[in-house]
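Novice: Below you'll find the structure I mean.
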Amino acid sequence: MADTFQQHPSSYRDPSGFIFYKNGILYRQVNQVFKKDFDQFVNNGLYQHLAENKLLIPHKRLEENLTGSPHWYTTLQPELLPFISYPYEWCFDMLKQAALLNLQTAKEAMNFGLMLRDASAYNIQMYKGRMVLIDSLSFELYDETKPWIAYRQFCEHFYAPLALMHYLKQPLQNLFVAYPDGISLNIVSAALPFKSKLNLHSYLHLHLQKTIGKKQDVENKKSRPFSKQRMKNLLQSLQEGIQSFTLRRSATQWSGYYDEANLRGDYVDLKKHIINDWLNKLNFNTVFDAGANEGEFSELVAAKSAYIISTDLDHGAISKLYLKVQQKNISNIYPLIIDLANPSPAIGVNNKERMSFLARCKVDVTLALALIHHLALTNNIPFDNIAEMFSSITRYLLVEFVPENDEKVKLMTLHKKNVLASYSLEYFLSGFKRYFSLLDTKEIGDSGRTLFLMEKLQAW
Amino acid sequence: MQHILLYIDPGSGSYLIQMIIAGVLGVAFFFKNIVFAVKHFFHRIFGRKS
């Protein structure tokens, strides 16, 4: 039976172990070659310390060779993450928190005679509302005479993108799609304004490293050894630099949306009432809030479901939702930046390393509230295609239709009236009925807008 | 055996640059601590007077 396992497509870099699925369960194998480091990690208390402080995903240890590999040392069964997201879907503050977590674990490891040996942003995931490290094989025995093996990786995965967003005042998480292994310091250094050179930390970690780092590719045996104090200074400097980075939340496309929506009488309350009513009748566990804005409706369903994937294309809205999730200690909302007209693609080796967003997002219920008119009118996506996308994601769909005589629609089509030719309730319903059956319809007061409850047709 | 574990190219840890950066930081943090100590000293004096 040992041969019936599937190695995870992203777990090929590290000879010390790998993750795999067997009978639908996710495991991590530790190889013999990493025995000494792993034993130290567990026996001297670092694992327990990190797991108890919610910095690392906890695991169960199984003394069973499930893969039949001759290199096997031990098997771990990590706690399962309900949903995997990637740095190109995170807002600035999520990436910043992930960076600080990385530095904190490196510092903690030093106190236990170990060191964090890689600093990949993909080793960090959101779990129960917090950013946590998910790779239990990231720690090796600490040699004080050696510098930080993961330093350049840390700079390219965290310091560089955060510095770019800070100095350019733009959300640039999409750069991770183009540069999945971190953003080259050559690009960052060229793109940053001069004032970044006046900041000691940014000058050293980005500009100076770019200049000198290239000249020295192999370890210089004649150099003086590194020291623990030097390592502490390095980590302290990275931490101070990253803590100083901010992405000021300027007025965004959607900021003030709810204030404005609330001006329309009891529109939002009525909508909530209808949605609540429908959800109470449905049997569901997982939810996708598409176009979640600041997550008012995500919060409404948070208590009723295992987890909610709340996405919006607007960085400012998702930033606010992330802060709210932190402040209110909500553990099951995943706030992510997703453009539904161009959801995250599958990338990496064989295009299997990082799954596409649509392949990861499989839920029982989807909320598409005040969203379809944006996809249909701003992005010109036909209703058929929108319905097809949702049918690949969800069983139930709660969708709002905004009619062509709505003030918002009039504003959106002021200079592109031609798109209205194929925009009407009839077109909407004929498109969606190809993939969904209609269970219920409710008008939202006298707003002219209508909510539909749909269920995916069995054929799809 | 240790080399097998270095699946990140050791050059990518950029030894020389870290030596230089750590050196600069050692000086920077040294002076920062002095400034902090001086500030703390005066703060204590003025704190007592008030």
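Quick note: the coordinates plus some simple rules give every number you see, no bench work behind them. No experiment lies behind these values; they were computed from the predicted model shown. Methodologically, a virtual Cβ is constructed for each residue, glycine included, from the backbone with ideal geometry; neighbour enumeration extends over all protein chains shown.
Novice: Which whole number gives the average count of other chain Cβ atoms within 10 Å of the Cβ atoms across peptide B:25-33?
Specialist: Numbers: counts 13, 6, 1, 5, 6, 1, 0, 2, 0.
Rounded to a whole number, the mean comes out at 4.
Novice: May I ask which residue of A:PRO193, A:THR413, A:ILE381 lies farthest towards the positive end of the charge dipole of chain A, with charges of +1 (Lys, Arg) and -1 (Asp, Glu) on Cβ and the Cα centre as origin?
Specialist: Farthest towards the positive end: A:PRO193.
Novice: Additional query: Restricting attention to the stretch A:405-435, which trypsin sites (Lys or Arg not before Pro) occupy a DSSP loop and are surrounded by at most 11 other Cβ atoms within 10 Å? Show your work: numbers first, answer last.
Specialist: Working: sites: A:LYS408, A:LYS410, A:LYS416, A:LYS417, A:LYS433, A:ARG434; in loops: A:LYS416, A:LYS433, A:ARG434.
Within the stretch A:405-435, the qualifying trypsin sites (Lys or Arg not before Pro) (loop, at most 11 other Cβ atoms within 10 Å) are A:LYS416.
Novice: Turning to a different aspect of this structure: Give the aspartates and glutamates reachable from A:LYS272 as a straight Cα distance under 17 Å; neighbours fewer than 8 places away on the same chain don't count.
Specialist: In chain and number order, the partners are A:ASP259, A:GLU260, A:ASP289, A:GLU294, A:GLU296, A:GLU299, A:GLU400, A:ASP440, A:GLU443, A:ASP446.
Novice: Follow-up. Show me A:116-122, A:447-453 ranked by packing, highest mean number of other Cβ atoms within 10 Å first. Show your work: numbers first, answer last.
Specialist: On the way: A:116-122: 23.7, A:447-453: 19.1.
Result, highest mean first: A:116-122, A:447-453.
Novice: Right, something else. List the aspartates and glutamates whose Cα lies under 19 Å from the Cα of A:LYS210, skipping any in the same chain that are fewer than 8 positions away.
Specialist: A:GLU156, A:ASP181, A:GLU219, B:ASP9
Novice: Then there's this: Would you kindly derive the ³J(HN,Hα) couplings of the stretch A:176-192 from the backbone phi angles with the Karplus curve 6.51 cos²θ - 1.76 cosθ + 1.60 (θ = phi - 60°), listing them in order in whole Hz, with x for Gly and Pro?
Specialist: 5, 5, 6, 10, x, 9, x, 8, 4, 5, 4, 5, 4, 4, 6, 7, 6
Novice: Using amide H atoms built 1.01 Å from N in the peptide plane, name the residues 5+ places from A:LEU114, or on other chains, whose amide H lies under 5 Å from its own.
Specialist: A:TYR142
Novice: Between A:LYS22 and A:ASN351, with labels modelled 7 Å along Cα→Cβ, what's the label distance in nm to one decimal, could you check?
Specialist: 3.2 nm
Novice: Regarding the protein assembly as shown, what whole-number volume in Å³ per residue does the convex hull of its Cα atoms give? Before the final figure, lay out the partial values.
Specialist: Values: hull volume 100.5 nm³, N = 510.
Normalising the Cα hull of the protein assembly as shown by residue number yields 197 Å³.
Novice: What is the mean number of Cβ atoms from other protein chains located within 10 Å of the Cβ atom of each residue in peptide A:230-243, rounded to a whole number?
Specialist: Mean partner shielding for this stretch: 3.
Novice: At a threshold of 8 angstrom on Cα-Cα distance, excluding pairs fewer than six apart, so keeping six or more, what relative contact order does the stretch A:135-247 reach in percent?
Specialist: This gives 38 percent for the stretch A:135-247.
Novice: Moving on to the next point. Please compute the modelled spin-label separation between A:LYS197 and A:LEU100, points set 7 Å along Cα→Cβ, answer in nm with one decimal.
Specialist: The two pseudo-label positions are separated by 3.1 nm.
Novice: Taking each residue in A:113-120, count the Cβ atoms of any other chain within 10 Å of its Cβ, then average. What number comes out? Please report the intermediate quantities before stating the final value.
Specialist: Numbers: counts 0, 0, 0, 0, 5, 2, 1, 1.
If you average over the peptide's residues, the count of other-chain Cβ atoms is 1.
Novice: Relative to the longest principal axis of the C-alpha atoms of chain A, give the angle of the C-alpha long axis of helix A:267-281, reported between 0 and 90° and rounded to the nearest 10°.
Specialist: Taking the Cα atoms of chain A, the angle to A:267-281 is about 80 degrees.
Novice: Can you count the Lys pairs in the stretch A:1-155 whose Cα atoms are under 18 Å apart, with each pair 8 or more apart or on different chains?
Specialist: Working: A:LYS22/A:LYS60; A:LYS35/A:LYS60; A:LYS54/A:LYS96; A:LYS54/A:LYS107; A:LYS54/A:LYS128; A:LYS96/A:LYS107; A:LYS96/A:LYS128; A:LYS107/A:LYS146.
Value for the stretch A:1-155: 8.
Novice: Return the FRET efficiency for the residue pair A:GLU407, A:ASP339: r is the Cβ-Cβ distance, R0 is 30 Å, and the value is rounded to the nearest 0.05. Could you put the intermediate results ahead of the total?
Specialist: Values: r = 25 Å, r/R0 = 0.82.
It comes to 0.75.
Novice: Taking the simple approach of a point 7 Å from Cα along Cα-to-Cβ for both A:ALA303 and B:PHE31, what is their distance in nm?
Specialist: A separation of 5.7 nm, rounded to one decimal place.
Novice: I would also like to ask the following. What's the long-distance tail for the stretch A:87-244, i.e. % of Cα pairs beyond 22 Å? Display every interim value, and only then the final one.
Specialist: Details: 5007 of 12403 pairs.
When all Cα pairs of the stretch A:87-244 are counted, 40 percent exceed 22 Å.
Novice: Can you pull the percent of Cα pairs in the stretch A:411-460 with separation above 15 Å?
Specialist: Numbers: 728 of 1225 pairs.
Value for the stretch A:411-460: 59 percent of Cα pairs lie more than 15 Å apart.
Novice: In addition: Percent relative contact order of chain A, based on C-alpha pairs within less than 8 angstrom and at least six residues apart?
Specialist: Relative contact order comes out at 12 percent.
Novice: Moving to a separate point now. From Cα coordinates alone, what are the radius of gyration and Dmax values for the stretch A:257-456 in angstrom?
Specialist: 16.5, 52
Novice: Oh, and also: Given the rule -39500 (n - 2.57) for each run of at least 4 DSSP H residues, summed and divided by the residues of chain A, what is its mean residue ellipticity at 222 nm, to the nearest 500 deg cm²/dmol? Provide the component values of the computation, followed by the final result.
Specialist: Values: 17 runs with 151 residues, N = 460.
Calculated from helices alone, the mean residue ellipticity at 222 nm is -9000 deg cm²/dmol.
Novice: In degrees between 0 and 90, to the nearest 10, how far off the longest principal axis of chain A does helix A:315-327 point, with axes built from Cα atoms?
Specialist: That helix lies at roughly 70 degrees to the long axis.
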